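The values are calculated or read from the model by the stated rules, or taken from the named source; none is laboratory data. This one's a predicted model, so the numbers in the text were calculated from it and none came from an experiment. Note: ideal-geometry Cβ built from the backbone for every residue, glycine included; neighbour counts use all protein chains shown. What goes into the accessible areas is simple: the full protein's heavy atoms, side chains included, and nothing from ligands, DNA or RNA. Shrake-Rupley method; radii C 1.70, N 1.55, O 1.52, S 1.80 Å.
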Amino acid sequence: MISAVCAVPRGACAPQPRAAKGGAADSDAEDDAVRASDAVFLAGRTEDDFSCVEMYVYDDEQGSLYVHHDVRLEAFPLALAFLQHGSAGARVAVGTMEPRIDVWDLDVMEPAAPVASLGGDAPTAAGRKAPRPTPGAHGDAVLSVSWRRHSPTVLASGSADRTVKLWDLNARACAVTWTHHGDRVSSVAWHPAEPAC
């Protein structure tokens with residue numbers, strides 16, 4: 001079942017994705033190439049106990065749609081937001097049923113871990129039975145995510161816990177929390193032209 005979809009601007013993904021560190025290099029690099037003319041979109045998908053973000057490519061010349069590669073997730077994906085930022089490359093922020101946002105590098109084939117995790121549970125100490133939330137973390141599923149266009153290290157998120165949070169990707173921390181919503185926050189978006197905060 002596809003639970004979230006996100007558009008990717010043409011030419012925003014790396015022409016030749018890199019193999020993950022320690023991963024096997026693909027001998028047929030041409031098959032991995034995403035051309036600037038290709039249409040790309042991301043889909044969060046879950047089947048049985050397997051969840052992932054799939055990167056779909058539509059090849060205009062051949063008229064074919066295929067899954068280029070996927071990123072395995074630990075939880076059911078609910079929200080996706082794409083970001084292309086200079087040398088940082090192509091990234092996707094993923095909100096899931098967990099109170100955490102994972103940021104993945106789409107230019108890496110078969111990544112082993114996200115490049116950043118925002119919120120979620122703090123590491124537990126030896127002997128501690130229950131995990132405790134990271135300070136500033138959402139208390140429930142993350143239903144929506146949106147990158148700030150004018151400052152791509154800032155991410156907004158909305159949650160089933162009735163809050164909206166602004167995250168600082170550089171600090172890997174919540175910068176601001178708004179708690180005035182009366183119900184779950186299923187959509188967040190930045191003003192398209194005006195810088196904020």
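Selection within the range 51-79: residues that are within 11 Å of the chain's Cα centre (by Cα) and open to solvent by 20 Å² or more (accessible area, probe 1.4 Å). The member of this set that is nearest to ALA141 (Cα to Cα) is LEU78. Among the residues making up the range 153-182, a single one is under 18 Å from GLU98 (Cα atoms), open to solvent by 80 Å² or more (accessible area, probe 1.4 Å) and over 19 Å from the mean Cα position of the chain (by Cα): ARG162. Let me confirm something: among ARG162, ARG91, which residue is basic (Lys, Arg), in contact with a His (Cβ under 8 Å, 6 or more places away or on another chain) and at pLDDT 95 or above? Going through ARG162, ARG91 in turn, the sole match is ARG162.
Return yes when GLY86 is open to solvent by 10 Å² or more (accessible area, probe 1.4 Å) and either within 28 Å of SER151 (Cα to Cα) or modelled with pLDDT of 95 or more (or both) and no when it is not.
Against the criterion (open to solvent by 10 Å² or more (accessible area, probe 1.4 Å) and either within 28 Å of SER151 (Cα to Cα) or modelled with pLDDT of 95 or more (or both)), GLY86 qualifies.
When the range 47-70 is filtered for residues that are in contact with a helix residue (DSSP H, G or I) (Cβ under 8 Å, 6 or more places away or on another chain) and within 15 Å of MET1 (Cβ to Cβ), nothing remains.
Here's a check for you: in the range 115-142, which residue that is open to solvent by 40 Å² or more (accessible area, probe 1.4 Å) and outside any loop (DSSP other than H, G, I, E, B) is modelled with the lowest pLDDT? Residue satisfying both the conditions and the ranking: PRO133.
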